[in-house]
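S.K.: Just passing along the structure, written as structure tokens.
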Amino acid sequence: MSLTIVQHPLAAHVMTHLRDKTTKPALFRTLCHQITLLLALEATRDLATEEKQIETPLESVRGRVLARPLVIVPILRAGLGMVEPFLALFPDVSVGYIGLERDHATAIARSYYCKLPPLDGRSVLVIDPMLATGGSAAQALDVVKKAGGADAALVCIVAAPEGVALVEERHPGLPVFIAALDRELNARKYILPGLGDFGDRLYGT
Ligand code: PRP
Ligand code: URA
């Protein structure tokens, strides 16, 4: 399968502080921003570019620019924490939204919102910090593909092996970019060692 784990000393440093239960929401948001910048660079490494002739103040030169518009689709609510760093790197990105919430007892995600820009012919990155059972991501990718997003990838901060396996089963070959591959899920389908409930830690709820 196409799984990429970001390898960078800064990623390791940021992940340790994100996991730390004493990290408060303000710092947690900053760390989320930093790790997402690293993930965004990795996930967009193979974006198509095309030639463009420009004039420097001194002469003509052929440069390269991004060939296709990029779309990001955060899964609400925790995915919102990853939007700003993408916008910082790709100011022209279009943003779609998919609202999914896991049931506390069953861990099965329920859809409550969906608004997507045109996806045909665009590179689409579905973004969600946590890939636990994989149910939310697989469902969001179903929606994106149905809406025409044939060139899609998934970007998460922490993944469990169970979630990676489910995405591979439901969307074979789909590129997945993560910052950490953790050990397993607990009985309540939380990632171990993980970092707890990302949405709660991001928004102090
Ligand atoms: C979290 C997380 C993912 C999902 C991952 O969201 O942000 O969307 O759980 O779990 P899964 O892989 O088992 O589906 P949650 O449903 O807690 O909603 P929230 O973002 O509103 O907190
Ligand atoms: N969602 C989270 O926020 N954390 C987990 O460990 C699993 C799902």
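S.K.: How many residues does region 100-126 hold that are more than 16 Å from ligand 2 (Cβ to nearest atom) and in a loop (DSSP other than H, G, I, E, B)?
M.R.: Count: 7.
S.K.: If you don't mind, there's one more thing I want to ask. Which residues, counting only those in region 120-141, are within 16 Å of ligand 1 (Cβ to nearest atom) and not aliphatic (A, V, I, L, M)?
M.R.: Within region 120-141, ASP128, PRO129, THR133, GLY134, GLY135, SER136, GLN139 meet the criteria.
S.K.: Given the conditions (1) more than 19 Å from the chain's Cα centre (by Cα); (2) within 30 Å of VAL144 (Cβ to Cβ); (3) open to solvent by 70 Å² or more (accessible area, probe 1.4 Å), and given that LYS24 satisfies all but one, which numbered condition is not satisfied?
M.R.: (2)
S.K.: Something else now. Would you check which residues across region 12-59 are polar (S, T, N, Q) and in contact with a Lys or Arg (Cβ under 9 Å, 6 or more places away or on another chain) and list them?
M.R.: Scanning region 12-59 gives THR23, THR49, GLN53.
S.K.: Can you tell me which of (1) within 16 Å of ligand 1 (Cβ to nearest atom); (2) within 27 Å of LEU10 (Cβ to Cβ); (3) assigned to a strand (DSSP E or B) is the one VAL83 doesn't meet?
M.R.: The one condition VAL83 does not meet is (3).
S.K.: Check whether at least one residue in region 38-48 is in contact with a helix residue (DSSP H, G or I) (Cβ under 6 Å, 6 or more places away or on another chain), buried (at least 16 other Cβ atoms within 10 Å of the Cβ) and either in a loop (DSSP other than H, G, I, E, B) or free of Cβ contacts under 8 Å to residues at least 24 places away in the same chain (or both), and report yes or no.
M.R.: no
S.K.: Look at GLY81 and say whether it is within 16 Å of ligand 2 (Cβ to nearest atom) and at pLDDT 95 or above.
M.R.: yes
S.K.: Taking VAL93 as the residue in question, decide whether it is open to solvent by less than 40 Å² (accessible area, probe 1.4 Å), within 13 Å of the chain's Cα centre (by Cα) and away from ligand 1 (no atom under 16 Å from the Cβ).
M.R.: Details: open to solvent by less than 40 Å² (accessible area, probe 1.4 Å): yes; within 13 Å of the chain's Cα centre (by Cα): no; away from ligand 1 (no atom under 16 Å from the Cβ): yes.
Judged against the criteria, VAL93 is not a match.
S.K.: Here is a list of conditions, (1) open to solvent by 40 Å² or more (accessible area, probe 1.4 Å); (2) within 14 Å of ligand 2 (Cβ to nearest atom); (3) closer than 20 Å to THR36 by Cα, and ASN186 meets all of them except one; can you say which number that is?
M.R.: (3)
S.K.: In region 107-119, which residues are more than 9 Å from ligand 1 (Cβ to nearest atom) and open to solvent by 80 Å² or more (accessible area, probe 1.4 Å)?
M.R.: Matches in region 107-119: TYR112, TYR113, LYS115, PRO118.
S.K.: Continuing with this model, one more query. Being touching a strand residue (DSSP E or B) at 6+ places or on another chain (Cβ under 7 Å), part of a loop (DSSP other than H, G, I, E, B) and closer than 17 Å to ALA140 by Cβ is the filter here, so list the residues in region 158-205 that pass it.
M.R.: Correct list: ALA160, LEU174, PRO175.
The values are calculated or read from the model by the stated rules, or taken from the named source; none is laboratory data. Quick caveat: nothing in here was measured; it's all calculated off a predicted structure. When we count neighbours, we look across all protein chains shown, and the Cβ atoms used for this are built from the backbone with ideal geometry, even at glycine. All accessible areas refer to the heavy atoms of the entire protein, side chains included, with ligands and DNA or RNA removed. Shrake-Rupley method; radii C 1.70, N 1.55, O 1.52, S 1.80 Å.
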